[in-house]
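The values are calculated or read from the model by the stated rules, or taken from the named source; none is laboratory data. Predicted model, so just to flag it, every value in this text is computed and none were measured. Cβ coordinates were reconstructed from backbone atoms using ideal geometry, including for glycine residues, and neighbour counts include every protein chain displayed. Note: accessible area is taken over every heavy atom of the protein model, side chains too, but ligands, DNA and RNA are not part of it. Shrake-Rupley method; radii C 1.70, N 1.55, O 1.52, S 1.80 Å.
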Amino acid sequence: GFNGFSMHKLAKAANVSPATLYIYFQNKEDLIMQLGIEVGQKIHEVTFEGFDFEESFEEGLWKQWKNRAKYVLENPTSAAFIEQFRNSPYKKKLGPEYFQAFRNNMKKFVGNAIQKGELISLPREVFWTLAFAPLYQLIHFAQDGHNMAGEPFELSEEVMQMTFKQVMKSLQP
């Protein structure tokens, strides 16, 4: 966690002098903030990889699901870091401008879908919960290797598509 983390511990784990870290970062907060920006930007890039704002809402959301799942499953440390960063005071210190490009892209994507009649208008929090929480729950099951009943679980495209179809039913007019 961030509280147990120190520049000295990092330097020791990396087998470098603590002074070396201070060449690149002012302090622990600066390092965490810069990592938060870097990982956040990477997730934004990956989310919209191969994305076309002119495609249908369903195609665009499916592409985001596949991109997000692939990134989180292939980069579990970065995904865990950004989740911790997102829920920490460090994110609040950045200010809203750092992730504005991501917000703008999502606003454009959702706005286009509403205008085309492909998506019902919902408060952002409701949309986000319906559109993405099921995906992240499947990812958690996959990372754990089992479902809530303790049975083995491996995330397949078939399971993702089954879940996605139910999500789409909840979002379409």
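Points to keep in mind about this one:
- Given 12 as the ceiling on other Cβ atoms within 10 Å, longest exposed-site-free region of the chain for chymotrypsin sites (Phe, Trp or Tyr not before Pro) in DSSP loops: 54-173
- Using a probe of 1.4 Å, the accessible surface attributed to LEU10 totals some 50 Å² when neighbouring protein chains are kept in position.
- Subtracting the Cα-Cα distance of LEU122 and LYS108 from 0.36 nm times their residue separation leaves 3.6 nm of extension gain.
- Candidates ILE23, ILE114, ILE43, ranked by Gaussian network fluctuation over the chain, Cα under 10 Å, top entry: ILE23
- Selection from TRP62, MET162, GLY95, by position along the positive dipole direction of the chain (Cβ): GLY95
- Only the Cβ atoms of Lys and Arg (+1) and of Asp and Glu (-1) were treated as charged; on that basis the dipole of the range 11-87 about its Cα centre amounts to roughly 520 debye.
- Residue of ASN75, ASN87, ASN15 that the Gaussian network model of the chain assigns the largest fluctuation, springs spanning Cα pairs under 10 Å: ASN15
- Spacing of the two label points (7 Å from each Cα toward its C-beta) at ASN3 and GLN172, in nm: 4.7
- Distance from the Cα centroid of the range 52-69 to that of the range 101-173 is 10 Å (rounded to whole angstrom).
- If the chain linking GLN84 and GLN26 were pulled fully straight, counting 0.36 nm for each residue of separation and taking away their Cα-Cα distance, it would gain 18.8 nm.
- Its Cα centre serving as origin, the chain has a Cβ charge dipole (Lys and Arg +1, Asp and Glu -1) of approximately 680 debye.
- Exceeding the 23 Å Cα-Cα cut-off - candidates LYS92/LYS165; LYS70/LYS165; LYS12/LYS42; LYS42/LYS91: LYS92/LYS165; LYS12/LYS42
- Among the GluC sites (Glu not before Pro) in the range 1-67, those placed in a DSSP loop whose Cβ has at most 16 other Cβ atoms within 10 Å are GLU49, GLU54, GLU55.
- Residue order by solvent-accessible surface for HIS8, HIS140 is HIS8, HIS140, largest first, with ligands and nucleic acids left out and a 1.4 Å probe.
- Gained length - GLU45 relative to ALA14, 0.36 nm times residue gap less alpha-carbon distance: 8.3 nm
- Estimated 222 nm signal from helices in the chain, with DSSP H stretches of n ≥ 4 weighted -39500 (n - 2.57), rounded to 500: -22500 deg cm²/dmol
- Among the GluC sites (Glu not before Pro) found in the range 101-156, those both in a DSSP coil and sparsely packed, with 15 or fewer other Cβ atoms within 10 Å of their Cβ, are GLU154.
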